[in-house]
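Structure first, commentary second.
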Amino acid sequence: MLKFGIIRSPQGYSLSTVMQTAALQQLNINGEYKSYETNPEDLEKLFKKLKALGINGVNVTIPHKISIIPLLDELTKRAKLIGAVNTIIFKEDGKTIGDNTDSSGFWEGIPENIKGNILEKEVAMLGCGGAACAVAIAFLSNKIKILKIFARDKNKLNDFKNSLEQKKEKLKSNTVIETDLLSNLDLLNISILVNTTPVGMYPDINSSPVSIDHLKQLPSNAVVYDIIYKPQETKLLKDARALNKKTINGVEMLVRQGAESLNIWLNQNIAPLDVMRNAILEALVS
Ligand code: NAP
């Protein structure tokens, strides 16, 4: 039997278990996908236990995406670049490899016709935390003219910019990176606005990181992408829709990053996207 799972915090929650279990069933794979919860201080103990169990692959989520790195034998190029791991491959020879599918999941969550409208244009993102790094790497890897990052903490924003400038060199990217405080938000000329802050996430569903007046600055064909998936339509997306903007929620990013993890573990491109998406949507309404 193939053994997969997710390493997460006992306090958090994850939809990966329902999504990956549905995928394994659909593919008729004799396998399981279990949730393994641990506090940071017991991460190493859990990791050793999973190795002894003969596990084939795990996802890793908050708060362990960075602290897991020293326990791994190797990192893929993109995991090194993002500086965090969300997928681990356990090789037959005992080696463990850390990968990251968040950045590609974010980018694949954007419909193709919208991608065409943002290439060579200006984009903006809110927040400079963990998910923001995966989002920024996607933009730096995909011919964006200007990447504007807005966040509330000046020092964190400066550190984030400095680290992105180094990654930009490695990616040979020509994207110009600009940063400013959220209080100076300016959305004129922005083709896509991405929220990577948790503002608006359940249960705080009546909050938005952006005022309606700021949203009105967006060009008429701009897109608003909130990587939050619970609720599916955050206040930010509701406000954007009321202004006739196209919107994208975080469900597809979640599905795509999970599908890519499964494909990596199975070494085949067979993850059933529709089944995985439906499992998430069902879990979100129940
Ligand atoms: P994180 O590492 O804690 O980063 C959160 C960022 O948001 C930080 O820059 C933080 O700023 C900022 N922030 C928090 N509260 C804020 C507020 N009230 N006003 C302004 N900025 C605020 O969290 P994360 O792991 O990046 O996750 C962020 C969100 O993305 C969560 O809602 C998560 O569910 C979602 N996510 C979705 C997917 C998906 O697959 N769809 C994947 C990953 C994450 P400070 O540092 O100043 O606190």
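Points worth noting:
- Residue-span extension gain [LEU53 to SER67] - 0.36 nm each, minus C-alpha spacing: 2.9 nm
- Cross-link table LYS49/LYS167; LYS115/LYS167; LYS45/LYS170; LYS161/LYS245; LYS51/LYS230, entries beyond 26 Å C-alpha to C-alpha: LYS49/LYS167; LYS45/LYS170; LYS161/LYS245; LYS51/LYS230
- With all protein chains kept in place, the per residue accessible area of the chain amounts to 49 square angstrom at a probe of 1.4 angstrom.
- Straight-line cross-link reach from LYS154 at under 17 Å between alpha-carbon atoms covers these aspartates and glutamates, not counting any fewer than eight positions away in the same chain: GLU165, GLU178, ASP180, ASP186.
- Computed over the alpha-carbon atoms, the range 110-249 gives an Rg to Rh ratio of 0.94, Rh here being the Kirkwood radius from the mean inverse distance.
- Residues of the range 218-239 with amide N under 19 Å of the 7 Å Cα→Cβ point at TYR13: 227-235
- By accessible area, using a 1.4 Å probe on protein heavy atoms only, the chain has 49% of its surface on carbon and sulfur.
- Shown is the FRET efficiency for GLN25 and LEU281, computed with R0 = 25 Å from the Cβ-Cβ distance and rounded to the nearest 0.05: 0.90.
- Computed lengthening from ALA242 to ILE270, 0.36 nm per intervening residue step minus Cα-Cα distance: 6.3 nm
The values are calculated or read from the model by the stated rules, or taken from the named source; none is laboratory data. Keep in mind the model is a prediction, meaning the values are calculated, not measured. Cβ atoms come from the backbone with ideal geometry, glycine included; neighbour counts cover every protein chain shown. Quick note on the areas: whole protein, heavy atoms, side chains included, nothing else; ligands and nucleic acids left out. Shrake-Rupley method; radii C 1.70, N 1.55, O 1.52, S 1.80 Å.
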